[in-house]
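Quick notes on the structure that follows.
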Amino acid sequence: PIPPGPAGLTALRLDAAVLAVSPNLSDVRIATADGRQVPYLLETLDEPLVLKLPTPQRVEDPRPRSGPGEAGRLSFHRIELPFERLPASRLELESTARVFSRRVAVLRERIGGRPETAGTIPEVVSGAWENADPDRKAPALVLDLAAGEGRELFVSTDDGDNAPVSLVRASLLLPAHRLRFVRQEGVPLSLVYGQAGLAPPRYDLELLAPRLLGAPAFEAALAPTVP
């Protein structure tokens, strides 16, 4: 259900639960109780949708085999994701460590595909993380993640001969979108999505996009989803 609000132009912010099911948003519709579609404009925002993740947990090496010379050099953290599937996003990592230089990699289990690769945990992205100022907090490390499946990520840190760098916070930066539509007085509305293969909607409302995208609107948000 879309929360009730005043009649007129409304801007409904989409959440991660919608993106997890409809990453390209082509099957998203606004519907009345009798099944009529309510036209909308899709608005992409500059600021990302920030999804706070549980604190990364230190774990043993999750890979079936370790490379030569890696014992004692690599530390691993597990990050739990809230949804089985998510679109392309950015992973933001934070640490309380002050002076360090590390190569950090993200590993993700490969689900499906060829039998010889299914169940492996390959590296999907990596980057350098460094802070040389003992008086300043280290800047967050941001890594680009492709769309993928599975409920967990593993972060590998090459510590060399140093103590491991702890990870204290992790967030996903997702694309942020709003739906702009005109609400009628007293008409309950629902957001419907999840039909694979449905073509994007085509509404005459798009002719008014230059006028409506910059106009003041009532801000609305979806209630949290219930598992």
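Of everything in region 36-48 that is outside any strand (DSSP E or B) and open to solvent by less than 60 Å² (accessible area, probe 1.4 Å), the residue that is farthest from Leu189 (Cα to Cα) is Pro48. Annotation note: Cβ proximity below 9 Å between a residue of region 1-29 that is within 26 Å of Glu84 (Cα to Cα) and a residue that is crowded, with 19+ Cβ neighbours inside 10 Å and among the charged types (D, E, K, R) (sequence gap 6+ or interchain) occurs for Ile2/Arg183; Leu12/Arg178; Leu12/Arg180; Arg13/Arg178; Leu14/Arg178. Taking Leu179 as the residue in question, decide whether it is touching an Asp or Glu at 6+ places or on another chain (Cβ under 8 Å) and either farther than 18 Å from Arg36 by Cβ or surrounded by 13 or more Cβ atoms within 10 Å (Cβ to Cβ) (or both). The answer is yes for Leu179. Considering only residues in region 49-89 that are under 17 Å from Arg102 (Cβ atoms) and among the acidic types (Asp, Glu), the one that is modelled with the lowest pLDDT turns out to be Glu70.
Confirm whether Pro23 is open to solvent by 40 Å² or more (accessible area, probe 1.4 Å), at pLDDT 95 or above and in a loop (DSSP other than H, G, I, E, B). So Pro23 fails the test. When region 5-20 is examined, which residues are found to be surrounded by fewer than 17 Cβ atoms within 10 Å (Cβ to Cβ) and over 15 Å from Ala176 (Cα atoms)? Within region 5-20, Gly5, Pro6, Ala7, Gly8, Leu9 meet the criteria.
With respect to (1) within 22 Å of Pro62 (Cβ to Cβ); (2) at pLDDT below 95, the lone exception for Asp161 is condition (1).
Yes or no: Ala146 loosely packed, with under 13 Cβ neighbours inside 10 Å and in contact (Cβ under 8 Å) with a residue 12 or more places away in the chain?
Values: loosely packed, with under 13 Cβ neighbours inside 10 Å: yes; in contact (Cβ under 8 Å) with a residue 12 or more places away in the chain: yes.
For Ala146, the condition - loosely packed, with under 13 Cβ neighbours inside 10 Å and in contact (Cβ under 8 Å) with a residue 12 or more places away in the chain - is met.
Matching residues to (1) assigned to a strand (DSSP E or B); (2) modelled with pLDDT of 90 or more; (3) open to solvent by less than 80 Å² (accessible area, probe 1.4 Å):
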residue: Glu92; (1), (2), (3): yes, yes, yes
residue: Val104; (1), (2), (3): yes, yes, yes
residue: Ala118; (1), (2), (3): no, no, yes
residue: Ala138; (1), (2), (3): no, yes, yes
residue: Thr157; (1), (2), (3): yes, yes, yes
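The values are calculated or read from the model by the stated rules, or taken from the named source; none is laboratory data. Every value quoted in this text rests on a predicted model; they were computed, and no experiment measured them. Ideal geometry is used to build each Cβ from the backbone, glycine not excepted, and the neighbour counts take in all protein chains shown. Just the protein is used for accessible areas: all its heavy atoms, side chains included, with ligands, DNA and RNA removed. Shrake-Rupley method; radii C 1.70, N 1.55, O 1.52, S 1.80 Å.
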